[in-house]
Structure formats: C-alpha cells, structure tokens
Amino acid sequence: MKKMLSIEERPEQNIQRARQEERQRQAQEARNKKREAAIIRDRQLIIGQLATQHFPELLQLHPYRTHAEIQQEFASFIKFLKELSADKKYISQLKEKCFCGVEE
C-alpha cells in the first residue's frame, strides 16, 4: 500500500522523477551515439580494406598522427578521390558498368 504524499512532498517527487527520466534519456542517447560510432568505424574499416585490396600501393603510406601529416602523406590519394568524385558523369558510367543487373 502506497503512502499518500503530502502537498510538500509531491513537487519534490515530481522533480526527482523528471531528473531520473532525464538521466535515462541521456544514457540512451549516449548508447545510441556509441552504437552509431561503432557502425561508422566498421564501415570505414571495410572501405579501407577494400581500397587497399584493389590499390595495394596505399599500404606504402604511413598514417602519421597529425592532420597535417596525414594530408601530406596521403595528398595524391586524396586528390585522386576528389577528382574521381567530382566527375559525376564518369561515376554514373562506372556504376552502370559495375552494377549492371545488380541491385545497389
């Protein structure tokens, strides 16, 4: 049997309930972000594995720690990807050639 709360106790209980709900919401949000980060990491790993499988010369590049060093070391590959992605017509032709009869 629940004890009846006094008029003074009710607002405090509501505040505590709201705080608990906010903590639960924040915890769920953190779990969702962690799950999404893991999906992104896995996707990047797969893409990297595919890229090095088909372009083994990429394995000669060394992943340095600073952003500037990465930009310098990977400059030619970055330019290659940038140029490739900028040519929408060529991308379309590649997709047609590679995915003909295959659902994307």
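The values are calculated or read from the model by the stated rules, or taken from the named source; none is laboratory data. Remember, predicted model here, so these are calculated numbers, not experimental data. Positions of Cβ are backbone-derived with ideal geometry, glycine not excepted, and every protein chain shown enters the neighbour counts.
Below, the figures for the structure above:
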{"quantity": "Flag for Ile15 being loosely packed, with under 10 Cβ neighbours inside 10 Å and among the aliphatic types (A, V, I, L, M)", "calculated": "no"}
{"quantity": "Check on Lys95, loosely packed, with under 10 Cβ neighbours inside 10 Å, over 23 Å from the mean Cα position of the chain (by Cα) and of a type outside the set (Gly, Ala, Ser)", "calculated": "no"}
{"quantity": "Looking only at the range 32-67, and only at residues there that are among the hydroxyl-bearing types (Ser, Thr, Tyr) and surrounded by 10 or more Cβ atoms within 10 Å (Cβ to Cβ), the one that is modelled with the highest pLDDT", "calculated": "Thr52"}
